Each structure stands twice: as structure tokens, then as C-alpha cells.
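The next block holds one structure in the form of C-alpha cells; read it before the comments.
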Protein chains: 2
Amino acid sequence: MFESAEIGHSIDKDTYEKAVLELREALLEAQYELKQQARFPVLILINGIEGAGKGETVKLLNEWMDPRLINVESFLRPTDEELARPPQWRFWRKLPPKGRIGIFFGNWYSQMLHARVEGDIKDARLDQAIHDAESFERMLCDEGALIFKFWFHLSKKQLKERLKALEKDPQRSWQLNPLDWKQSQVYDRFVRFGERVLRRTSRDYAPWYVIEGFDERYRSLSVGRIILEGLQAALKRNGPPAPQPHVAPLMSSLDNLGLLGSLDLSLTLSKDDYKQQIASERARLNGLMRDPRMRGHALMALFEGNDAAGKGGAIRRVTDALDPRQYRIVPIAAPTEEERAQPYLWRFWRHVPGRGQFTIFDRSWYGRVLVERVEGFCSEADWLRAYSEINDYEEQLHKYGIVLVKFWMSIDKDTQLERFKEREAVPFKRYKITEEDWRNRDKWDLYVDAVEDMVDRTSSEIAPWTLVEANDKRYARVKVLRTINEALEAAFKQK
Amino acid sequence: MFESAEIGHSIDKDTYEKAVLELREALLEAQYELKQQARFPVLILINGIEGAGKGETVKLLNEWMDPRLINVESFLRPTDEELARPPQWRFWRKLPPKGRIGIFFGNWYSQMLHARVEGDIKDARLDQAIHDAESFERMLCDEGALIFKFWFHLSKKQLKERLKALEKDPQRSWQLNPLDWKQSQVYDRFVRFGERVLRRTSRDYAPWYVIEGFDERYRSLSVGRIILEGLQAALKRNGPPAPQPHVAPLMSSLDNLGLLGSLDLSLTLSKDDYKQQIASERARLNGLMRDPRMRGHALMALFEGNDAAGKGGAIRRVTDALDPRQYRIVPIAAPTEEERAQPYLWRFWRHVPGRGQFTIFDRSWYGRVLVERVEGFCSEADWLRAYSEINDYEEQLHKYGIVLVKFWMSIDKDTQLERFKEREAVPFKRYKITEEDWRNRDKWDLYVDAVEDMVDRTSSEIAPWTLVEANDKRYARVKVLRTINEALEAAFKQK
């Protein structure tokens, strides 16, 4: 969930200042249109890591827009009146009316996370709080509200740097309080439970936006842009408040720095190193699959990636290690007639392996948010809700003890071109290249957006994505095998 | 939730046989249209009390329709293959494809209820199972599925009778197994947890239908009619599968026997009895409101009822008992401008009393499913989703320790006419009667339907409805006061 928010996004001053001028004007305009229409309220939830710029961003939003039409509410210590009523009461009383924007600090998410991190409640109680939050937001959206949920993020390293900088600066050291430091210690817990909350409450009608908080300009501009785009889209839908939930737009990176772009595709492995490492990982996998603890688990590995990124080769290196009775490969192509007559995920559920078994998916259920999104094979509403449906699906697998490993095999455009040409030149490889591959190549940038959204929204502790630098096939194959082995070992240790 | 299913519905043989002839033809026709369109699947979940005719009904549905297009699945003992996979897998593999009907016995609800009744899991785990069920059904509906959820009900007395009858009948005694008897013992737990499950999972896109199971003809015809109407409505929506959830129709009683009709409106209280009882209940309320345990609670009482049923008078008898600083009366009329700019429930949340306080609502949030439904002041989708939103709301109140008492003041049409005329005749009462009252009177039957649906869908253990026989004002007033007192005492005992 937080991968894209740890890669060091930043924006230079000139770009920023120019962009802000336009942004402010557009935001103000949208704000007045919102007031004019008075059809729906806007609710902005502010959450995340301490020190990631939550307060600064809200201050800025107030500067950029007309603060008379914004209610900023920080739910810190409840008042006597609030303590005397059900916990939801304090949020209800501060809801922004139609035509206005409400910014909620310290909202329901802060409270449940704080309680969980402190150990005041356990997972089951956290899940109940999550359920209540979902019902509440669903109701608000059914009533027409437009909800933005922001998670301001810092990597652990960034948090430390930030705290140090603040400490040294006499002008700002007053901002440091014990809680900030404590946060640094409880960072791991906070991020872990935060991810659980985000995974379960990111819904198409109220998705989470994770913002890297380290660079002030990047952070501010991102938040402003997301609000602007979402607001404009909602304002355009004329007529009475939509009975459908607002669909907030997903977001492309502002600084052209993306998760895929941040991969070091120059990573290679020499032939000798490869031979040695692949043999050792292969033996390791073989041993793990025969381990008695494997009977309490099952293994699923899925492969997505650019065309010609070497999915097939990598899969073969995995299966080479195994007895054919131990695994099954499921290639995902167009759905059969039988599959089309069922809900989308049905054709993947049917191939869930039994205990002790291993299923490899050559392409997967992520097709919906990749090719189907890019090619328009399904409606926007369909792929938007697919993220949370997929998270639900993978949670069912995880709860049962299935180890799920997800690979995105990544190559750059030049490498792809090279491999395409090679395929066309070598007669026995020619079947591997089609017109469609060339067409997909034209949509490279659209796929980059789709892949990054996918990783941001579906990479989670229980089923993380592994991005594989695949320009060098040897490097990629070893990484794939090693990742599978590590995932299995980690699962065996937990039991 | 189960009120309407304990009043002894029945249908005579002639009526039944005539109705079945038509029903069967229409069902078959709808079934072929479903197959023809092949746009969506139909899922029928069968749950409820043992012995309430679940099996018989399914058998009948198979007789009435084309069984080749129905998959009946009973998820009893999981197979080895199923045990080796996540629990949801067995339901996925049996999902009916588009164009077909799947009938699921022993589905996810049976399993969670069984586990909870047996004590294998606690409430928090039950809530997680409920959450999973909700996500699953939501996804199925987003994918176009039409879901019917039936709960076959028997009152405790009916269950005992039924079991006895079965025991005596040598032809059928083989149907009795130890589990049936055990069920009779665990009846209370089963009904209690069943209600929790129904309350939380009855959503506009997949509502529960509670069917009284005692009379075979009533039961069969009800189920058949509900399926037919829901199916016809869904088939009429042409075009691609709706992105919106299917809206299944609510149901009017078949035998003209309703909850309101089953009230004994001849109940009266003599003047002397009234004087004595009202004084004693008044003193009791006064004492309870001063009880130190009241500080841990708050009290909310809401009054709905026919026009001229005596809401105002009853409220006055309640407040007579109290110091004016102890209570507040909130009359609910048309929403203010400020209230119209907020979600529907906002104007009721704002009046939630603090600890130790008492708020009386003269009309309430149920306006949405009464007057707004009948008069068309809101869309069908709005009032359909209101039931679950109201249940969520009342659950928040309950969780915090607020005691909620809900009254429907019921009079018959003649009594209303009498009172209307009296109001017109007596000068100082004339302000109490308006043109609108006469207009509402014309919609008497529509209101009866709305009230019965309301009680069926929102009367729950945590916030039950009390139907007050109000032809006799004295009887009604005492019943109101006594009900409030009993609810408070019950709450005090629990702490």
C-alpha cells in the first residue's frame, strides 16, 4: 500500500509555483461552484504518520481556498458533551452541510488505529470499528457526500530524518512533542495496522490516497490536484445527487517518478553466479515443498508483467525444481463461456489449490485492473470496485493459510523492442509475437499508470507485490525463486 | 424481526389451489425468460428454524418450476476437497451461472449461526463472519446477481406443536432426529443470534424475508410470490446487468392477516384501575430517573402512530411524572433548511440525549419509511436503504447504553373517524385537525403496509417496537409508561 510513497517524490520550486497558481484558481472556482450547486458536501479525512505534513497541508488548503467555506475539525480530546454520547455523535455534529468542505483531523480512523497500536483493543475489535466506519461512509456516500481519504506517509528513514531536522531547528523544535518520538518507535505497528485499515476500507466510493509526505511541494500539489479532479468530476454530474457513489479518480504521479521508474533495471547476475544461485534456490524450494509443514499451507504464485518480460521463462525455472504432481500451471486467457456466466473472480476461485499444493497463474485476476481497464473491456465502475474485491479475495486465501506470491516482471521499453525484434527474426520464436503485442506497446504509459495503481491498492502485508527487475533474465529468475522460498519460510515460521 | 411471523398466518385450501395454478404458470414463464436473457443468476438462501418447512418449500419450488434449471445445493458435511481449501471455496464452486437459479441450504449463515449457538465462536468472530458475508453478497450483486434470503420462522409454541405432531405421525416420525429436539432447547439462542445476523445483513440489495412456517399453504405461497415478484422486476430492467443492486420488493401479507390487524383493540382500562395504575407507573418512572444507575444510561422514547391515536396525550402522561429539567420533547416536522443540507439521520443524531437524560421524539426517523415512502417524498432506493441505516443508527445508540423505546400507537378506522369529528366539533380542538389528516386517512391501507414492513425490519432485541392498542386512551397511556419503566429496569439489571 505504501510502496509508491517511499520512493522520494519531489518537485522543484519553479514547477511548483507555476502549478500552484493554476491550481489555486481552479480550486477556488470549484469551491464556488460547489457552494452554488449546494448539492453535496465534501469530506476530507486526514490521517497518517506524525510529521508527514498533515497539519501543514490543511493550513495550505485553507490558504488556497476560501476558508469561510471550509470547516476544519480536529477531534482531539472529546468534550464533556461528547463523552456523554455515543462515539459517532461528535462526527455527526461536525458534518459539513451540502455545498461546503469539511476537513476532519483525528477522525474515526485515528481513533481506532491509536487504540490498536496502544494495544487497548485487539484485531477483532479493530475489525468491528472498521465495519462501523464502512457502514458510516457508505451511508454518507448514498446521501451524496464526496469523501477523500488521505494517508500521509513517510518511510521509517524519512521519519527519522524529519524528526532530526525539526529538533535542530530552533524555530520549529517547539513542534516536537513526546508523541512524535514515540511514533518513531511504534512506527512498525502503526504502519502494519494502518495497512489493515486501508486495505479494508478503500472502496470505490471512498478510496484512500496515500501521499508521500517528505517533500512539501510534492505533497501539497498532490493533495490539491486530487481534490480538484475529484471535485470537478462530481460537480459535472448534474441533476440531483447521484444515488451511485461518487467515483473519485485515481492518481498519476505528478513528478513523473513512479514505482516502476524507480526500479534499478541495470541489475544483472553473471552466468556463474546465476548457475550457483539458481541451483541452490531450486534445491531450497524442493525441500520446502516436501516439508511436513507444507501440509498446513498451500502456495499460489501469480505472474504479471510487460510483454516479453520473461514470465514463461521464470515460471519454467520454478517448475524445474518440482515434481509435476506438486504443481499446476493455470494460463489465463479470455474467459470461457462457462466462466463468462459467473462473477469475475469465479474463474480464479475454481483454481485455488488444496492444502500442500502449488498453483501458478500465468496472468491472473489482476487482468481486470490491467488489460480490461486499459482496453476498456469493462466499465470504470467495474475495475474501480475490483481493487477491494481482490483484497477481500486474497484475505480469504490468507486467512486459510495460503501463501500468495505476486510478481510484476518489469522491463524497459528498449529491452522490449529488442526482444520483439529477436522474436520476429528467429523462426521458432515467431509464434510468441503478435500484432497485439505491438498494439499493447503503444499503450505503454497507460499500463504504467495501471500497474502503479494496482500495486498501491493491492500490495499488502498479507499479499505483497514483488516487482522484478527483469531486463536481465538471470537476475529475474533468481529473484523470483528466492521470493517464493522466503515467503514459504516466513509462513512456516509463523505456524 | 419475527413479530409478523408469529401471528398465525394461514390460507384456506380453495384459495391456495387457485393461487398456485396462476403462480406456477407465472414462475415457469419467468424462469424461461431468465434462461433466455441469461443476464444474471438468481440465488435463493434458505435459513431458519428447524421444522419450519425449509425442505418442503424447496421440494415444492422444484415441483413448480423446471428443475433442470435449478441447482439445489445443501452444504452439509464438507468434502475432503472442500476442507482442503478456504471456507468460501465451496460456495463459489456451486454458484449458479447466469440464467439459472441456485438454492443454497446450509449456506454461510447456517454455518456462522451454528457455530455461535454452539458457543464455538463469540460475538466478535460472528461479526467478522457477518462482515465477510456482506462483502461477498455485495460483490455478487455488483456482478448482477439477484439474491433472495428466506428465514423460515416458528414461534416457540409452534415449534413444540410441530415436533409433537411429527412424533405421533408414524409416516413422518422418521423426519425427527435428535437435532430437531435439541433445536427446541436452543431455540432462544438460535433466535437471538439469528436476529443479530438478520439485522446486520438485511440490505436493500439483498433483504431478508421472514416467513411464518407453520401453515404449509401460507408459507409456500409467500415464498413463491416473493420470488416471482422479485424475478419479474429484475427481468424487466432491460439492457446489461444493472450496476445498481437489484431492488427486491417488500411483501404484503397474503392472507390479509397483519401485525396491526392482530392487535386486540378492544382492550380497555376502567377509570379506577387507570388512576391507580398510572399513579404507580408514574412514581416508578420518577424513581428510575433518579436512580444512580441512570447516570450510566440515557433514555430515548419515540412515538409514531395513526393520526388522532393519542400520541400527544401519551407523551404528556410520561412527562407529568418528571421534572422538566430531566427531559426534552423533540417534535419532528418538516426538516429545516439546515437539516436538509445534511444526511437524513443528522437531524436525529443532533438530539441524542447525554447520559442521564431523556429525549422524547414526537414522530421520528421512521418518517422516511412511513410518510416519505407513502407520499413519495423520497425515492424507493432511499427508503429501502433506510431500514439498514436505521438499524445501524440504533445499534450505535444501544452500544453506548442508550435505552430506546419505540411506540406505534394503533387505533382502528372507526375510532379515528370519531375522533376527527369530535375535533371538528369542539372549538378548542379544531386546530388539531387539518385537510392533511383527511388525506392521510384515504391512504390507510398503504400506511398499514408501511408500518408492518417497518416493524418487521427494524424491531430487534436491541430496539424492539411496542405496538400500543390505543382505542382506549387509558389503556394506551398505562401501557406506554409501563413499557418505558420495564425497559429501564431491564437495562439497569444488565449493568
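The values are calculated or read from the model by the stated rules, or taken from the named source; none is laboratory data. What you see is a predicted model, and the numbers here were worked out from it, not measured in a lab. Positions of Cβ are generated from backbone atoms using ideal geometry, with glycine treated the same way; all protein chains shown enter the neighbour counts. For accessibility, only protein heavy atoms count, side chains too; no ligands or nucleic acids. Shrake-Rupley method; radii C 1.70, N 1.55, O 1.52, S 1.80 Å.
Output the qualifying pairs, or none if there are none: Cβ atoms under 6 angstrom, residues six or more apart or on different chains, first residue in the stretch A:103-132 and free of Cβ contacts under 8 Å to residues at least 24 places away in the same chain, second residue acidic (Asp, Glu).
So the pair list comes out as A:Gln128/B:Asp127.
Starting from the stretch A:381-397, take each residue that is within 9 Å of chain B (Cβ to nearest Cβ) and open to solvent by less than 10 Å² (accessible area, probe 1.4 Å) and list its partners that are assigned to a helix (DSSP H, G or I) and basic (Lys, Arg), counting only C-beta distances under 9 angstrom and pairs at least six apart or across chains.
As it stands, the answer is A:Ser388/A:Arg199; A:Ser388/A:Arg200; A:Ser388/A:Arg457, since those pairs meet every condition given.
Report those helices (runs of 4 or more DSSP H) wholly inside the stretch B:70-184 carrying at least 1 residues which are modelled with pLDDT of 90 or more, within 14 Å of chain A (Cβ to nearest Cβ) and in contact with a Lys or Arg (Cβ under 6 Å, 6 or more places away or on another chain). Talk me through it step by step, then tell me what you get.
Numbers: elements: B:80-83, B:89-92, B:108-117, B:123-142, B:156-168.
Of the helices (runs of 4 or more DSSP H) lying wholly inside the stretch B:70-184, those with at least 1 residues that are modelled with pLDDT of 90 or more, within 14 Å of chain A (Cβ to nearest Cβ) and in contact with a Lys or Arg (Cβ under 6 Å, 6 or more places away or on another chain) span B:123-142.
Here is a check on your reading of the model: is B:Glu229 modelled with pLDDT of 85 or more, within 22 Å of B:Ala19 (Cα to Cα), surrounded by fewer than 20 Cβ atoms within 10 Å (Cβ to Cβ) and in contact with a Pro (Cβ under 7 Å, 6 or more places away or on another chain)?
Answer is yes for this residue.
Out of the stretch B:21-44, which residues are surrounded by fewer than 18 Cβ atoms within 10 Å (Cβ to Cβ) and either without any contact (Cβ under 8 Å) to a residue 12 or more places away in the chain or part of a helix (DSSP H, G or I) (or both)?
Within the stretch B:21-44, B:Leu21, B:Glu22, B:Arg24, B:Glu25, B:Ala26, B:Leu28, B:Glu29, B:Tyr32, B:Glu33, B:Lys35, B:Gln36, B:Gln37 meet the criteria.
Give the stretch A:208-225 a look and list any residue that's assigned to a loop (DSSP other than H, G, I, E, B) and open to solvent by less than 10 Å² (accessible area, probe 1.4 Å), or say none. Spell out the reasoning first.
The first filter runs over the stretch A:208-225 and keeps only residues assigned to a loop (DSSP other than H, G, I, E, B), leaving A:213-215.
Answer for the stretch A:208-225, where residues must be assigned to a loop (DSSP other than H, G, I, E, B) and open to solvent by less than 10 Å² (accessible area, probe 1.4 Å): just A:Gly213.
Got a sec? Which helices (runs of 4 or more DSSP H) wholly within the stretch A:401-493 have at least 3 residues that are more than 26 Å from A:Ser266 (Cβ to Cβ) and open to solvent by 20 Å² or more (accessible area, probe 1.4 Å)?
Working: elements: A:413-425, A:435-442, A:444-458.
Counting at least 3 such residues, we get A:435-442.
Please go through the stretch B:71-89 and give me each residue that is surrounded by fewer than 20 Cβ atoms within 10 Å (Cβ to Cβ) and either under 23 Å from the mean Cα position of the chain (by Cα) or not acidic (Asp, Glu) (or both), ordered by number.
Scanning the stretch B:71-89 gives B:Asn71, B:Val72, B:Ser74, B:Phe75, B:Leu76, B:Arg77, B:Pro78, B:Thr79, B:Leu83, B:Ala84, B:Pro87.
From the list B:Glu137, B:Glu143, which residue is open to solvent by 10 Å² or more (accessible area, probe 1.4 Å), assigned by TED's automatic domain parsing to the domain that holds B:Asp204 and under 21 Å from A:Ala386 (Cβ atoms)?
After ruling out the rest, the residue left standing is B:Glu143.
Quick one: which of A:Lys443, A:Lys479 is at pLDDT 90 or above, over 18 Å from the mean Cα position of the chain (by Cα) and within 27 Å of A:Gly376 (Cα to Cα)?
Every option except A:Lys443 fails the conditions.
Any chance you could count how many residues in the stretch B:316-337 are surrounded by fewer than 18 Cβ atoms within 10 Å (Cβ to Cβ) and either small (Gly, Ala, Ser) or within 7 Å of chain A (Cβ to nearest Cβ) (or both)?
2
Between B:Val247, B:Val210, which is modelled with pLDDT under 90 and of a type in the set (Val, Ile, Thr)?
Result: B:Val247 is the single residue among B:Val247, B:Val210 that is modelled with pLDDT under 90 and of a type in the set (Val, Ile, Thr).
Among A:Asn286, A:Asn306, which is surrounded by 19 or more Cβ atoms within 10 Å (Cβ to Cβ), within 23 Å of A:Arg474 (Cα to Cα) and more than 14 Å from chain B (Cβ to nearest Cβ)?
Matching residue, one of A:Asn286, A:Asn306: A:Asn306.
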